[in-house]
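Just so it is clear, none of the values below were taken in a lab; they were calculated from the coordinates. Remember, predicted model here, so these are calculated numbers, not experimental data. Here Cβ is always computed from backbone atoms with ideal geometry, including for glycine, and neighbour counts include all displayed protein chains.
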Amino acid sequence: MLKTTRAPQPASEQAQALVAALKQAGLRLTPQRRAICRALVEREDHPTAQAMYDQLLPEFPSLSRATVYNTLQVLVETGFVQELGTAGDGAIHYDADVAPHVNLICMRCHRIEDFDDASMTAIARRVAEDSGYQLRGARVAYYGLCPRCQNKVRPTPPTARVSTRNVVSRK
């Protein structure tokens, strides 16, 4: 179980903040863009633009991939969404949680999970104070195997044994 130390902002409030960011950036607030914001904050995973498109297409048959990609890019540029890069699957993933936290990335199934710890907020605060930077975001990622994939791993074969035949002892 992942540790959570901060109260999440209600999804509706977070979606409204994303919509406001789009408006401030000069984009028209279409039903499709509103749905992208709502879907992004309601998801528990770290979706790709393609996953967002696939999710919303049944509701909006005229939705274009360009709308999804462009909307996500504006949200990244305004600092309301983080672009996480790939999780080893070749696709860019997005995170609507921009508060300081760690992303745990499984190298086998490509799942990305959040690990929240109060120390991350303290570190961010200290970095901002000591550096003078106005921080816009950070990315801390750990790569490994999630518990589910660890259970699927086959045991590692024993180390090859060295034959002692034909070995000359040097004394």
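Which order do peptides 140-147, 84-91, 40-47 fall in by mean Cβ count within 10 Å, highest first?
Details: 140-147: 12.1, 84-91: 14.0, 40-47: 17.8.
Highest to lowest by the protection proxy: 40-47, 84-91, 140-147.
Using a Förster radius of 35 Å, what is the FRET efficiency between ALA141 and ARG65 based on their Cβ-Cβ separation? Nearest 0.05, please. Display every interim value, and only then the final one.
Values: r = 26 Å, r/R0 = 0.75.
That gives a FRET efficiency of 0.85.
Based on the mean of other Cβ atoms within 10 Å per residue, sort peptides 49-55, 67-73, 25-31 so the most packed one is first.
Details: 49-55: 17.3, 67-73: 19.7, 25-31: 11.4.
Descending mean neighbour count gives 67-73, 49-55, 25-31.
Want the number for ALA17 to ASN151: 0.36 nm per residue separation, take away the alpha-carbon distance, what's left?
Details: separation 134, 0.36 × 134 = 48.24 nm, distance 3.98 nm.
Taking ALA17 through ASN151 to full extension adds about 44.3 nm, to one decimal.
Give me the orientation-averaged projected area of the Cα convex hull of the range 99-150, in nm², one decimal.
Values: hull surface 15.7 nm².
Taking the Cα atoms of the range 99-150, their convex hull projects to 3.9 nm² on average.
Return, for the Cα atoms of the range 33-154, the radius of gyration and Dmax in Å, separated by a comma.
Here Rg and the maximum Cα pair distance are 16.1, 50 Å.
Return the sequence-ordered ³J(HN,Hα) values of the range 69-83 in whole Hz as given by the Karplus equation 6.51 cos²θ - 1.76 cosθ + 1.60 applied to θ = phi - 60°, using x for Gly and Pro.
For the range 69-83, the Karplus-derived couplings read 4, 5, 5, 4, 5, 5, 5, 5, 4, 8, x, 8, 9, 9, 8 Hz, x marking Gly and Pro.
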